[in-house]
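Since the structure comes first, as structure tokens, the remarks are kept for the end.
Values quoted throughout were computed directly from the atomic coordinates according to the rules given, and no laboratory measurement underlies them. Source: prediction; values computed, not measured. So basically every Cβ, Gly included, is an ideal-geometry build from the backbone, and we count neighbours across all protein chains shown.
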């Protein structure tokens with residue numbers, strides 16, 4: 001269960017979130033939308049516990065979290081496989097990860113250091129890492145940015161299959177992405 | 001393949017330049033030719049003193065390098081953890097960097113025996129290089145990766161090896177790559193000044209005293225080869241360790 005009550009967050013004199021409240025039901029999919037700078041990523045950081053709100057409370061219990069951050073936050077010197085394994089509580093064999101890598105088009109670069117990958121490949125690695133981790137709540141901050149249309153469709157379908165029945169909060173600019181996953185949409189506006 | 005041919009071509013070109021220069025000078029006392037140097041090296045190898053001299057210098061230079069590497073890493077970790085240590089080490093590291101090897105060597109000869117000289121000198125050469133690089137690695141560590149590890153609840157061991165060490169390893173690698181070559185240069189230079197019995201430095205010194213230019217070149221060639229081999233071996237060890245770390 002994830003519940004935000006009357007969250008306010010300011011950066012200096014700029015109020016980014018002003019009394020935001022919402023209850024994210026277990027197993028629900030929620031898309032958080034809004035214009036640039038309206039506080040979508042800030043909200044995600046507050047919900048994840050990375051940022052403390054100036055006022056208000058977040059109730060999250062002891063749920064295990066997983067995330068695709070605004071930035072990829074990958075270990076650049078490690079291979080794609082090692083990045084995936086880093087966050088897994090039980091070490092999966094290479095053979096067990098191959099179908100997942102193939103599904104998002106990363107099979108050919110499984111052993112490459114992340115620093116050698118393109119932006120889109122890094123994004124897919126970050127997404128796959130989040131999807132393959134053990135989690136109760138998944139936070140996705142624009143996980144499909146930088147992907148071409150065809151890859152995006154493939155990766156979105158894969159993501160939908162992997163997240164069925166899980167609590168997922170997706171930050172996006174794109175209404176089509178929100179529609180694709182269904183679920184509830186929360187609109188944020190500039191405070 | 002093409003790259004290797006170009007490299008080989010460049011080596012052949014400079015050997016030819018050396019040979020022509022030696023022929024132009026016409027006195028092996030002033031400049032021995034590559035052929036003479038190789039002939040001298042072939043005669044040196046079976047000599048009784050050849051291998052012991054190599055082992056003497058190799059052992060001491062590598063000991064100083066290992067001690068310096070450990071100390072440099074330890075200092076860098078402390079400085080990365082606490083600003084107090086960063087400020088404390090800063091003047092010391094700057095001083096060690098700036099003082100010429102010859103000054104250290106002459107001073108060290110007052111304190112320690114000449115046989116231990118190269119250990120101390122290579123230690124002093126290695127510490128600032130390793131310290132500066134590893135400290136730079138620690139400073140440039142992306143703190144957002146710590147947040148990522150917190151969110152995914154990455155256990156401490158995996159966090160240390162997978163996140164912290166993997167970030168710092170390239171800085172450590174380049175420090176080691178630089179240090180090994182410097183250690184051979186400074187270590188042998190120290191031996192030439194201190195002339196410990198049975199060292200490569202003593203052999204170089206003798207070649208100067210007896211005006212054996214071919215010997216000087218032959219021993220220099222030995223030092224270059226040793227420097228390249230030890231550098232490759234140490235880097236191989238680091239790369240294997242890095243791979244192991246990645247699999248943890």
Could you order peptides B:108-114, B:199-205, B:73-79 by the average number of other Cβ atoms within 10 Å of their residues, highest first? B:199-205, B:73-79, B:108-114
Considering only A:59, A:163, A:30, give the residue with the highest GNM mean-square fluctuation for chain A, with springs between Cα atoms whenever their separation is below 10 Å. A:59
One point scatterer per Cα, no solvent, Debye formula: log10 I(q)/I(0) for the protein assembly as shown at q = 0.08 Å⁻¹ comes out as -0.66
How compact and how long is chain B, expressed as Rg and Dmax of its alpha-carbon atoms in Å? 21.9, 73
Expressed in angstrom and ordered largest first, the alpha-carbon extents of region A:112-191 along the principal axes are 39, 28, 27
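Can you work out the FRET efficiency for the pair residue B:112 and residue B:232, with r the C-beta to C-beta distance and R0 = 25 Å, to the nearest 0.05?
So, using R0 = 25 Å, E works out to roughly 0.25.
Summing -39500 (n - 2.57) over the DSSP H runs of n ≥ 4 in chain B and dividing by its residue number, what mean residue ellipticity at 222 nm do you reach, to the nearest 500 deg cm²/dmol?
Details: 10 runs with 200 residues, N = 248.
Result for chain B, helices only: -28000 deg cm²/dmol.
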Enter the angle in degrees (range 0 to 90, nearest 10) between the Cα long axis of helix A:149-163 and the first principal axis of the Cα atoms of chain A, meaning the one along which they spread out most. 80
Can you tell me the FRET efficiency between residue B:143 and residue B:7 if r is taken as the Cβ-Cβ distance and R0 is 45 Å, rounded to the nearest 0.05? 0.60
Which one of B:49, B:195, B:230 has the biggest mean-square fluctuation once chain B is modelled by GNM with Cα springs under 10 Å? B:49
Yeah, chain A with a ≥ b ≥ c from its alpha-carbon gyration tensor (a/c under 1.5 is rounded, else prolate when a/b outruns b/c, oblate otherwise) is prolate
Nearest 10 degrees, 0 to 90: helix A:119-132 Cα axis against chain A principal axis: 80
Quantify how strongly other chains surround peptide A:62-69 by giving the mean number of their Cβ atoms within 10 Å of each of its Cβ atoms. 2
Förster-model FRET efficiency, 25 Å R0, residue A:160 and residue B:160, C-beta, rounded to 0.05: 0.10
Computed, not fitted: 222 nm per-residue ellipticity of chain A from DSSP H runs ≥ 4 (each -39500 (n - 2.57)), nearest 500, equal to -9500 deg cm²/dmol
In whole percents, the bins of 5 Å from zero upward hold the Cα-Cα pairs of region B:104-248 as 2, 9, 14, 15, 14, 12, 9, 8, 6, 5, 3, 2, 1, 0
Within 10 Å of the Cβ of an average residue in B:141-152, the count of other chain Cβ atoms is 6
Here the gain from full extension of residue B:210 to residue B:70, 0.36 nm per residue of separation minus their alpha-carbon distance, amounts to 46.4 nm
Region B:50-91 residues near the modelled residue B:244 label - backbone nitrogen below 17 Å, point 7 Å along Cα→Cβ: B:70
What angle, in degrees between 0 and 90 and rounded to the nearest 10, separates the Cα long axis of helix B:101-111 from the longest principal axis of the Cα atoms of chain B? 90
